[in-house]
Amino acid sequence: MAGLITLFISNVVISNVVLTKFLGMCPLLGVSRKSSSAVGMGLAVIFVIVGSSIFTWTLYYTVLVPLGLQYMDLITFILVIAAFVQFVELFLKKYSPSLYKALGIYLPLITTNCVVLYVTLDNIIQGFDFVEMLVYSFAVPTGFMLVLYIFSTIRERLDQSTVPAAFKGNPIALIVAALMAAIFTSFVGLV
Amino acid sequence: MKAFGHFLLSLLKENPVFGLYLGICSTLAITTSLDNAIGMGVSVIIILTISNIMISSIRKITPNEIRIPVYIVVIATLTKAIELLIRAYAPAIDVALGVFIPLIVVNCIILGRAEAFASKNTVWKSTLDGLTMGLAYTLSLAAMSIIRQVLADGILSLSNPFTNSIVFKINLIPAEYRIAIFKEPIGAFLTFAFLAAGVAAVQNAHAKKDGVK
């Protein structure tokens, strides 16, 4: 149990997926203009990652390994992710229109979010068992959501401040990311 | 000479990395040394060119509704092939780049060019597009990695990944003046921000000049 808590905390703050592994930069720069959309995107990413991790992990160990087809992992995983995102979109559209309205525009973007593919591949590389896989695939997108939310609140204020012309928009946002990365390095040694 | 100048200008004005912010995850992550940048850049040139050729040659028989899954399967197959080739012939690159080689699948540049260019143009044009876009990506990676490597390690070096022999190695900054932070994530974000601001400044200056005309 202690091991699982360590795994969770270290992947949320210490080796944060955005600030130490630089994954999910596109949504970070694209969707982080409003804090409400940051939360929506974060929740959608958590749901898709946990769901597709369960699928890909099970598929890898029950189909690919017995058949000796481990080299098909990349193609299988990306198709599972794309199909899962599509399925979630259709399901929500039919059974929960309000949630679909809230998450709708973010869902198609998630297929090309590199965090999703990274987590499904890393579950296999790290050799996690089922429970570790669940904790890991919940922790990584939680870290993503945390950074996305903090980042969006900073950006809301940034929009109203004067910035040199060349730094307007994304360059200044990356300076902010650099400062956040500096702050997050102080979490090293927490666990 | 004029053609070269035009090429350099279009590299600055329509740069896929610093201008359009495509494929920046891997740009930030792997540019700690010139070796990594060249390894990643060449892999992307190969995958991007072949995927452009394949997608452009099947563009007339691809049903519009399922085009994105088709592109993803093509790109994923090529990426896996390159990953296996790198693991077999250049293990040093495989160790250094790690999970970022399979993540080329979700590099926005490749899917972006497939959707925006190869699906609408002839095979020959798409080949050229793949080569130039890949080259622009490689040069952007190289620019970033040179800055980071020189500031953090004080040396600029390039080694042959197939034999692990050193091609060249130049000592530039004495050990006591090196800024180790440029190897860290903070340095990656800072270098990227300043390069992107530089590209934006060039774009702004040109927009102004064109406006006066």
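The values are calculated or read from the model by the stated rules, or taken from the named source; none is laboratory data. Keep in mind the model is a prediction, meaning the values are calculated, not measured. Backbone-built Cβ (ideal geometry, glycine too); neighbour counts: all protein chains shown.
Pull out all pairs, ordered by first then second residue, where Cβ-Cβ is under 9 Å, the residues are six or more apart or on different chains, the first lies in segment B:48-74 and is more than 14 Å from chain A (Cβ to nearest Cβ) and at pLDDT below 90, and the second is surrounded by fewer than 22 Cβ atoms within 10 Å (Cβ to Cβ) and part of a loop (DSSP other than H, G, I, E, B).
Qualifying pairs under 9 Å: B:59/B:119; B:59/B:120; B:59/B:121; B:62/B:119.
Return the residue satisfying two criteria in turn: it lies in segment B:78-107 and is over 16 Å from the mean Cα position of the chain (by Cα), within 14 Å of chain A (Cβ to nearest Cβ) and buried (at least 17 other Cβ atoms within 10 Å of the Cβ), and of such residues it is modelled with the lowest pLDDT.
B:94
Would you confirm whether any residue within segment B:193-204 is within 13 Å of chain A (Cβ to nearest Cβ), modelled with pLDDT under 85, more than 22 Å from residue B:94 (Cβ to Cβ) and surrounded by fewer than 16 Cβ atoms within 10 Å (Cβ to Cβ)? Spell out how you get there, then give the answer.
Step one: filter segment B:193-204 for residues within 13 Å of chain A (Cβ to nearest Cβ), giving B:193-204.
If we keep only those that are modelled with pLDDT under 85 too, we end up with B:202-204.
Then drop every residue that is not more than 22 Å from residue B:94 (Cβ to Cβ), which leaves B:202-204.
Next cut, surrounded by fewer than 16 Cβ atoms within 10 Å (Cβ to Cβ) only: B:204.
Yes: one or more hits.
With (1) within 13 Å of chain B (Cβ to nearest Cβ); (2) of a type in the set (A, V, I, L, M); (3) assigned to a helix (DSSP H, G or I) as the list, and residue A:139 as the residue in question, which single condition is left unmet?
Here residue A:139 clears every test but (1).
Looking only at segment B:79-111, which residues are among the polar types (S, T, N, Q) and touching a Pro at 6+ places or on another chain (Cβ under 8 Å)? Steps first, please.
In the first step, residues of segment B:79-111 are kept if they are among the polar types (S, T, N, Q); the result is B:79, B:107.
Selection gives B:79 alone.
Would you mind finding the one in A:39, A:12, A:48 that is touching a Ser or Thr at 6+ places or on another chain (Cβ under 6 Å) and either closer than 25 Å to residue B:30 by Cα or surrounded by 15 or more Cβ atoms within 10 Å (Cβ to Cβ) (or both)? Don't jump to the end; show me each part of the working.
Details: A:39 fails: touching a Ser or Thr at 6+ places or on another chain (Cβ under 6 Å); A:48 fails: touching a Ser or Thr at 6+ places or on another chain (Cβ under 6 Å).
After ruling out the rest, the residue left standing is A:12.
Keeping to segment B:146-179, report how many residues are without any contact (Cβ under 8 Å) to a residue 24 or more places away in the chain and of a type in the set (D, E, K, R). Reasoning before the result, please.
To start, the set of residues in segment B:146-179 that are without any contact (Cβ under 8 Å) to a residue 24 or more places away in the chain comprises B:150, B:155, B:160, B:163, B:165-177.
Then drop every residue that is not of a type in the set (D, E, K, R), which leaves B:169, B:176.
Matching residues across segment B:146-179 total 2.
If you check every pair at least six apart or on different chains, which have Cβ atoms under 7 Å apart with a residue in segment B:14-27 that is more than 10 Å from chain A (Cβ to nearest Cβ) first and a residue that is hydroxyl-bearing (Ser, Thr, Tyr) and buried (at least 24 other Cβ atoms within 10 Å of the Cβ) second?
B:15/B:140; B:16/B:137; B:17/B:27; B:17/B:137; B:17/B:140
Need the failing condition index for residue B:187 against (1) without any contact (Cβ under 8 Å) to a residue 40 or more places away in the chain; (2) more than 19 Å from the chain's Cα centre (by Cα), just the number.
Answer for residue B:187: the failing condition is (2).
Residues that are within 19 Å of the chain's Cα centre (by Cα) and more than 14 Å from chain B (Cβ to nearest Cβ): which helices (runs of 4 or more DSSP H) entirely in segment A:11-114 hold 1 or more of them? Give the derivation first.
Numbers: elements: A:25-30, A:35-59, A:73-95, A:97-103, A:107-110.
Answer list for segment A:11-114: A:35-59, A:73-95, A:97-103.
Any residue at all in segment B:164-177 that's polar (S, T, N, Q), under 19 Å from residue B:96 (Cβ atoms) and either assigned to a strand (DSSP E or B) or at pLDDT below 80 (or both)? First the steps, then the outcome.
Initial filter on segment B:164-177 (polar (S, T, N, Q)): B:164-165, B:171.
In the following step, the residues that additionally are under 19 Å from residue B:96 (Cβ atoms) were identified as B:164-165.
If we keep only those that are either assigned to a strand (DSSP E or B) or at pLDDT below 80 (or both) as well, we get B:164-165.
Yes - at least one qualifying residue is present in segment B:164-177.
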